[in-house]
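A short write-up of the structure that comes next.
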Amino acid sequence: MPTDCISYQNSGYFTLMMNDYLNQESSLQSFYNRFPKIENFENQITEKQQNYNPKTREILVSVLNKQYENISISELTKNNIALLSKENTFTITTGHQLNLFTGPLYFLYKIISTIKLTEELKKKYPSYNFVPIYWMATEDHDFDEINYFNFKGKKFKWNKESSGPVGRLTTDGLQEILSVFENELGCSSNANEIKKLFESAYANIDSLTNATRKLANELFGSYGLVIIDGDNSELKRQFIPYIKEELLQNTSFKNVSDTIIQLKKYPTQVNPRNINLFYIEDNLRERIIFEKGDFKINNTKITFTQNELLELLEINPERFSPNVILRPLYQEVILPNLCYIGGGGEIAYWLELKSTFKAFQCTFPILLLRNSALIVTEKQVERIEKLQLSWEQLFSKQEVLINIRVKELSEIPIDFSEQKMALKKQFSDLHTIVNQTDKSFLGAVKAQEAKQIKGLENLEKRFLKAQKKKFHSELERVIKLQNELFPNQSLQERQANFSEFYLENGITFFSKLYNNLDPFDTNFTILTL
């Protein structure tokens with residue numbers, strides 16, 4: 001079993017854009033500010049210091065203290081909030097949806113990457129303070145993306161109606177999920193800890209926002225994590241000038257549209273709207289659209305004149321919610337932030353935004369791809385070694401893995417590449433003869449070449465199929481193992497919930513993650529439990 005693991009670029013699970021970003025290809029360098037190397041943070045600090053409003057610090061600290069009023073927090077988190085009032089304090093931020101019971105594993109990897117980066121920066125730049133931030137996506141409305149989690153292949157779903165920002169939902173109905181979940185957990189001490197964690201997070205809590213804050217604080221408060229809810233009138237008030245410009249000038253639409261044209265080599269991650277803002281109430285989140293001289297709220301009868309809408313903005317800025325295009329700008333206006341940590345899809349849409357940040361005169365953060373990990377058990381490692389599988393093979397698509405394995409097991413050659421090359425050489429000679437005699441035969445020669453190549457390919461497929469039958473039992477073991485590590489033939493981190501591993505390993509699961517994840521590492525971390 002190889003001790004090294006597989007790079008993101010070679011894993012097959014990252015897009016061309018992400019591979020090019022990690023490789024620092026010249027085609028992408030104009031779309032980000034600085035590449036995530038620790039030495040690049042010095043200039044990022046200087047730039048952010050020049051462009052961040054000191055008054056926003058006071059408001060930020062005041063809001064955070066209010067948001068933490070009814071929750072018990074660690075001394076480290078309390079100190080980090082206080083440090084945010086100092087001009088030499090900066091943040092490292094990740095954002096995530098309010099997934100039920102943290103959702104998939106990569107939520108943990110995001111948070112740990114963020115915490116670890118603040119520690120690395122403190123070592124490198126001891127005269128500054130660095131605070132890890134989790135920005136909760138409380139204003140999201142896609143409830144179907146967050147209303148479930150998986151445990152050992154079973155889906156636990158929260159059946160509830162939702163039409164507004166998910167953060168404002170009550171936690172009604174989650175007790176029923178806990179009752180079903182408890183039956184799956186058993187009665188071990190680790191199982192009881194999981195039950196207690198779920199119950200304390202969601203029972204008698206007035207909103208999904210407060211429940212998620214409490215849960216994330218329970219898991220990461222001891223590391224000093226600071227959790228922020230952007231759905232706040234005081235914070236939105238700091239964003240009023242940007243909202244006004246978006247409403248009147250369509251600034252982000254123009255800039256992102258131009259950037260997408262420049263990035264035509266890559267698939268578009270998100271498309272901008274003319275106005276990238278929602279109007280929100282407790283049970284409403286709809287786009288603001290400009291039509292026939294008035295501002296209308298999509299799918300409603302609500303209409304505003306320009307003066308009415310601008311007056312509402314001054315009185316109730318919390319009614320305005322940035323969409324995926326403007327949310328990053330809102331975050332960077334509010335926070336003294338240096339770096340955003342996200343997954344491949346997130347980094348891809350951030351790369352569309354640099355010109356928008358420039359137009360709004362806001363510092364564009366360093367973009368760091370979060371850590372990724374694959375958790376394996378010691379028994380699985382033994383099976384991998386016995387089957388003589390490599391990480392490269394295990395990360396392959398299943399059909400590719402099967403074909404590779406069959407060719408390794410087979411005592412007869414199944415790959416007819418040499419025969420195809422010999423055949424092409426023969427027909428190349430025939431092409432030369434035809435060109436020297438009668439070129440009218442060229443079509444017939446090409447047709448015969450294609451027919452014979454096709455024949456070899458069909459023979460190859462038939463031999464492969466026959467050998468698959470012969471080695472069926474061994475292939476079944478390979479497939480079973482890969483399916484365990486890559487459920488639904490997807491990355492484990494996108495499917496499994498932390499509770500599955502906590503049940504067997506307890507708090508050591510978190511300490512192992514913490515000790516083994518390195519924010520600057522661009523390899524999948526293979527973690528054996």
Inter-site label distance for Gln448 and Asn274 at 7 Å from Cα along Cβ, in nm:
6.5 nm
If a/c stays under 1.5 just call it rounded; otherwise compare a/b with b/c (prolate if a/b is bigger, oblate if not). Do that for the stretch 1-111, with a ≥ b ≥ c from the square roots of the Cα gyration tensor eigenvalues.
oblate
Zone reached by a paramagnetic label modelled 7 Å from Lys55 Cα along Cα→Cβ, restricted to the stretch 348-362 with backbone N below 20 Å, covers 360-362
The answer for His96, listing residues at least 5 apart or on another chain whose modeled amide H is closer than 5 Å to its amide H, is Trp135, Ala137
Packing rank of 292-299, 508-515, where each peptide gets the mean count of other beta carbons within 10 Å, highest leading:
508-515, 292-299
Could you order peptides 393-403, 319-329, 273-283 by the average number of other Cβ atoms within 10 Å of their residues, highest first?
319-329, 273-283, 393-403
Can you give me the long-range amide H partners of Val376? Hydrogens built in the peptide plane at 1.01 Å from N, cutoff under 5 Å, separation of 5 or more residues or another chain.
Leu527, Thr528, Leu529
Report the relative contact order of the chain, percent, no decimals, based on alpha-carbon pairs under 8 angstrom and at least 6 residues apart.
23 percent
Note, ³J(HN,Hα) from phi for the stretch 394-407, Karplus 6.51, -1.76, 1.60, rounded to Hz, x at Gly and Pro:
5, 7, 5, 4, 4, 5, 5, 4, 4, 5, 4, 5, 4, 5
Among Ser11, Pro36, Asn79 the positive-end extreme of the charge dipole of the stretch 1-93 (Cβ point charges)
Asn79
Kindly write out, for the stretch 335-352 in residue order, the coupling ³J(HN,Hα) from the Karplus curve 6.51 cos²θ - 1.76 cosθ + 1.60 (θ = phi - 60°), rounded to whole Hz, with x marking Gly and Pro.
9, x, 8, 10, 8, 10, 10, x, x, x, x, 5, 4, 4, 7, 4, 5, 7
Starting from the amide H of Leu277, placed 1.01 Å from N in the peptide plane, find each other amide H under 5 Å away whose residue is 5 or more places distant or on another chain.
Ile288, Asn323
Would you mind checking Lys86/Lys122; Lys110/Lys512; Lys160/Lys301 for any pair whose Cα atoms are more than 18 angstrom apart?
Lys160/Lys301
Dipole axis of the chain (+1 Lys, Arg; -1 Asp, Glu on Cβ), positive-most option in Ile507, Leu215, Leu351
Leu351
With a point put 7 Å past each Cα toward its Cβ, work out how far Leu430 is from Val180 in nm, to one decimal.
6.4 nm
Å² per residue, accessible surface of the chain at 1.4 Å:
47 Å²
In whole Hz, the Karplus estimates of ³J(HN,Hα) for the stretch 228-241 (6.51, -1.76, 1.60; θ = phi - 60°; x where Gly or Pro) are 10, 10, x, 7, 8, 5, 5, 6, 4, 4, 5, 9, 3, x
Suppose we keep just the DSSP beta bridges with both residues in the chain; what percent of those would be antiparallel, to 5?
45 percent
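The values are calculated or read from the model by the stated rules, or taken from the named source; none is laboratory data. As the structure is a computational prediction, the values presented were derived from the model and not from experiment. No Cβ is skipped: glycine too gets one built from the backbone with ideal geometry, and neighbour counts run over all protein chains shown. What goes into the accessible areas is simple: the full protein's heavy atoms, side chains included, and nothing from ligands, DNA or RNA. Shrake-Rupley method; radii C 1.70, N 1.55, O 1.52, S 1.80 Å.
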